[in-house]
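All remarks here apply to the structure that follows.
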Amino acid sequence: MATRTDAPTRREQILKEAARLFAERGFHGVGVDEIGAAVGISGPGLYRHFAGKDAMLAELLVGISGQLLTGARRRVAELDGEPAGRDPEAVLDSLIEGHIDFALDDRPLITLHDRELDRLRDSDRKLVRQLQRQYVELWVEVVRQMYPQLAEPSARSAVHSVFGLLNSTPHLGRPGALPGRGATAQLLHRMARGAFEAAGTD
């Protein structure tokens with residue numbers, strides 16, 4: 001979502017506004033008419049793009065889990081292709097940067113995941129969990145290459161802890177009360193690296 005540079009499609013516009021409204025007022029607090037109004041179409045017009053609110057929620061939560069995994073795999077592959085081979089520190093930094101982009105640019109989706117994941121039908125919820133497990137394991141592999149002395153369960157705990165830190169962005173206060181995006185990203189990056197460093201120290 002946040003990584004697109006071309007003009008968003010109508011479906012993407014609908015999803016963005018649906019995520020914002022669901023995060024602000026809850027899934028059941030928002031009607032299709034309000035989502036439609038936010039993108040300049042009638043509520044019934046949404047049904048040309050989605051079967052209903054449940055379909056929007058599923059696409060949002062499954063979609064962002066898939067995008068995070070795909071983006072992380074791409075970052076690892078790009079650095080694996082460097083002439084000197086994989087540099088675990090560079091890969092870890094790249095993964096952190098990618099997750100920070102998500103955490104700063106897609107805050108409503110973090111709130112939505114925390115509040116509404118259980119509303120998904122079982123098959124969609126299982127798919128979200130599967131994608132998330134693969135994302136975590138990709139990070140665990142890189143962290144253990146960076147810190148070989150770190151046992152796998154400890155590395156996994158460290159990864160989840162860093163995700164908790166980075167995904168705290170919806171609770172950091174009003175946007176105007178924070179430092180600029182660049183400064184916030186740098187702070188989160190230093191804190192994430194510090195957490196891994198602490199976990200990897202005997």
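The values are calculated or read from the model by the stated rules, or taken from the named source; none is laboratory data. Quick caveat: nothing in here was measured; it's all calculated off a predicted structure. Glycine gets a Cβ as well: all are built from the backbone with ideal geometry, and neighbour counts include every protein chain shown. For accessibility, only protein heavy atoms count, side chains too; no ligands or nucleic acids. Shrake-Rupley method; radii C 1.70, N 1.55, O 1.52, S 1.80 Å.
A few points about this structure:
- Only Lys, Arg (+1) and Asp, Glu (-1) charged, at Cβ; the chain dipole about Cα centre in debye: 520
- Per residue solvent-accessible surface (Å²) - the chain, probe of 1.4 Å: 52
- Highest mean packing comes first when the peptides 132-139, 114-121 are listed by Cβ atoms within 10 Å, giving 132-139, 114-121.
- Selection from PHE50, VAL32, LEU188 lying farthest towards where the dipole of the chain points positive, charges on Cβ: VAL32
- Spatial separation of Cα centroids for the range 38-84 and the range 94-144, in angstrom: 11
- Overall form of the range 122-202 per C-alpha gyration tensor (a/c, 1.5; a/b vs b/c): oblate
- Close amide H partners of VAL30, meaning residues 5 or more places away or on another chain with modelled amide H under 5 Å apart, do not exist here.
- Adding -39500 (n - 2.57) for every DSSP H run of four residues or longer, then dividing by how many residues the chain holds, sets the calculated 222 nm ellipticity at -23000 deg cm²/dmol.
- Per-residue ³J(HN,Hα) for the range 125-139, Karplus 6.51 cos²θ - 1.76 cosθ + 1.60, θ = phi - 60°, Hz, x for Gly and Pro: 5, 5, 5, 4, 5, 5, 5, 5, 4, 5, 5, 4, 5, 4, 5
- Couplings 3J(HN,Hα) for the range 100-115, derived from phi with the Karplus relation 6.51 cos²θ - 1.76 cosθ + 1.60 (θ = phi - 60°), are 5, 4, 4, 5, 8, 9, 10, 4, x, 5, 5, 4, 4, 4, 5, 8 Hz, where x marks Gly and Pro.
- Of all accessible heavy-atom area on the chain, the percent that carbon and sulfur account for (1.4 Å): 52
- Structural size metrics of the chain, computed from C-alpha coordinates, are Rg and Dmax of 18.3, 60 Å.
- Folded to 0 to 90 degrees: helix 181-199 orientation relative to the chain principal axis, Cα: 50
- Along the range 47-57 the Karplus relation, 6.51 cos²θ - 1.76 cosθ + 1.60 evaluated at θ = phi - 60°, assigns HN-Hα couplings of 6, 6, 10, 9, 5, x, 4, 4, 5, 5, 4 Hz to successive residues, with x for each Gly and Pro.
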